[in-house]
Structure formats: structure tokens, C-alpha cells
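J.: If you scroll down you'll find the structure; I have some questions about it.
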Amino acid sequence: MFGFFRKLTLTFGAEGERLAAKYLKKKGYTILEQNYRSPLGEIDIIATCQNKLIFVEVKRRSSARFGKGYEAVTRRKQQQIIKTANHYLKYHNFNLLCQFDIISIDGDEITHIERAFNTH
């Protein structure tokens with residue numbers, strides 16, 4: 001029974017990441033990676049735009065009834081994303097400024113928070 005709900009949650013999240021990638025492409029972003037995984041964690045989308053390397057965390061909720069998706073990106077989650085981004089940079093040669101964004105999909109509403117957090 002719990003496996004069924006986990007599968008639904010994963011499918012719901014994957015669809016959110018697909019919607020976020022489509023949204024970013026329309027805004028002129030080039031998607032380099034989706035679901036980048038390292039021993040340190042996962043980054044939903046890695047993209048470039050305007051000479052920046054952008055690491056994007058995607059949060060999707062069926063509604064904002066229990067808060068917005070971006071509210072779930074805690075300081076701890078931010079630190080994990082930063083560590084994973086550093087791992088990515090260690091193995092990929094980019095000479096670009098880095099940026100951390102959040103895309104929150106709450107029902108039919110998409111909120112893109114650019115420069116949502118930094119490495120400090």
C-alpha cells in the first residue's frame with residue numbers, strides 16, 4: 001500500500017520537474033541536466049542562462065493549502081544543494097557565475113524565485 005503512494009508521489013514530483021524544465025526553456029534557459037545525483041544529494045535541474053550556471057530546486061504541491069512549495073526548501077536543504085553543486089563543479093569545467101533558484105508549482109501557479117539563496 002505505501003509503495004503505491006510513494007510511486008504516486010514520485011510521478012507527481014517528476015511531472016513537476018518536467019513542467020519546470022519546460023517553463024525554463026520558454027524563458028531562454030538551456031537545460032544541461034535533470035535529476036543530477038551525486039553521493040551528496042540530488043539537484044533537480046542544472047541550466048545555463050545569460051552566462052550563469054543555475055542550480056534549480058523544484059517543489060510541487062497540488063495546492064497551496066498547506067503552504068507554498070518554496071517554503072519546504074529549508075536551510076538544511078539549501079546546504080545539501082550547495083554541497084551537491086560543488087560536487088558537480090568539481091567534475092565539470094565551468095567558468096560561470098553560479099546561481100541557486102527555486103521553482104515552486106502550487107496547483108496551476110508557477111513561482112520562479114531567482115537567486116533564492118547563496119553559498120554564504
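The values are calculated or read from the model by the stated rules, or taken from the named source; none is laboratory data. None of these values were measured; they are calculated from a predicted model. For neighbour counting, all protein chains shown are included, and Cβ atoms are generated from backbone atoms with ideal geometry for every residue, glycine included.
J.: Can you name the residue in the range 68-109 that is of a type in the set (A, V, I, L, M) and part of a helix (DSSP H, G or I) and, of all such residues, is farthest from E15 (Cα to Cα)? Give the derivation first.
T.: Initial filter on the range 68-109 (of a type in the set (A, V, I, L, M)): 72-73, 81-82, 85, 89, 96-97, 102-103, 105.
Filter again for part of a helix (DSSP H, G or I), leaving 72, 81-82, 85, 89.
On the way: A72: 18, I81: 20, I82: 24, A85: 23, L89: 27 Å.
If we take residues in the range 68-109 being of a type in the set (A, V, I, L, M) and part of a helix (DSSP H, G or I), then L89 is farthest from E15 (Cα to Cα).
J.: Being in a loop (DSSP other than H, G, I, E, B) and either small (G, A, S) or farther than 25 Å from Y91 by Cα (or both) is the filter here; which residues of the range 31-67 pass it? Explain how you work it out, then say what you get.
T.: At the first step, the residues of the range 31-67 found to be in a loop (DSSP other than H, G, I, E, B) are 39-40, 50-51, 62-67.
Answer for the range 31-67, where residues must be in a loop (DSSP other than H, G, I, E, B) and either small (G, A, S) or farther than 25 Å from Y91 by Cα (or both): S62, S63, A64, R65, F66, G67.
J.: In the range 33-48, how many are surrounded by 17 or more Cβ atoms within 10 Å (Cβ to Cβ) and not charged (D, E, K, R)? Lay out the reasoning, then the answer.
T.: Keep residues of the range 33-48 that are surrounded by 17 or more Cβ atoms within 10 Å (Cβ to Cβ), which gives 34, 36, 43-47.
Adding the requirement that they be not charged (D, E, K, R) leaves 34, 36, 43, 45-47.
Summing the residues that are surrounded by 17 or more Cβ atoms within 10 Å (Cβ to Cβ) and not charged (D, E, K, R) in the range 33-48 gives 6.
J.: Identify, please: which residue in the range 78-120 is modelled with pLDDT of 95 or more and of a type in the set (D, E, K, R) and is, among those, nearest to the chain's Cα centre (by Cα)?
T.: So the residue we want is D101.
J.: Can you say whether A20 is touching a strand residue (DSSP E or B) at 6+ places or on another chain (Cβ under 6 Å), free of Cβ contacts under 8 Å to residues at least 60 places away in the same chain and of a type in the set (A, V, I, L, M), as far as the supplied structure shows? Break it down into steps so the answer makes sense when it comes.
T.: Working: touching a strand residue (DSSP E or B) at 6+ places or on another chain (Cβ under 6 Å): yes; free of Cβ contacts under 8 Å to residues at least 60 places away in the same chain: no; of a type in the set (A, V, I, L, M): yes.
No.
J.: Look through the range 1-32, keep the residues that are of a type in the set (F, W, Y) and modelled with pLDDT under 95, and return whichever of them is surrounded by the most Cβ atoms within 10 Å (Cβ to Cβ). Spell out the reasoning first.
T.: Within the range 1-32, the subset of a type in the set (F, W, Y) is 2, 4-5, 12, 23, 29.
Filter once more, keeping what is modelled with pLDDT under 95: 2, 4-5, 12.
On the way: F2: 6, F4: 8, F5: 9, F12: 13.
So the residue we want is F12.
J.: Report, by residue number, each residue of the range 70-79 that is of a type outside the set (G, A, S), surrounded by fewer than 16 Cβ atoms within 10 Å (Cβ to Cβ) and under 14 Å from I102 (Cβ atoms).
T.: Taking the range 70-79 as the starting set, the residues that turn out to be of a type outside the set (G, A, S) are 70-71, 73-79.
Then drop every residue that is not surrounded by fewer than 16 Cβ atoms within 10 Å (Cβ to Cβ), which leaves 71, 74-77, 79.
Once the filter is applied, which keeps residues that are of a type outside the set (G, A, S), surrounded by fewer than 16 Cβ atoms within 10 Å (Cβ to Cβ) and under 14 Å from I102 (Cβ atoms), the range 70-79 yields E71, T74, R75, K77.
J.: Under 6 Å by Cβ, and 6 or more places apart or on different chains, what pairs join a residue from the range 50-66 that is modelled with pLDDT under 85 with one that is of a type outside the set (A, V, I, L, M) and surrounded by 11 or more Cβ atoms within 10 Å (Cβ to Cβ)?
T.: Note: pairs meeting the criteria are S63/G107; A64/D106.
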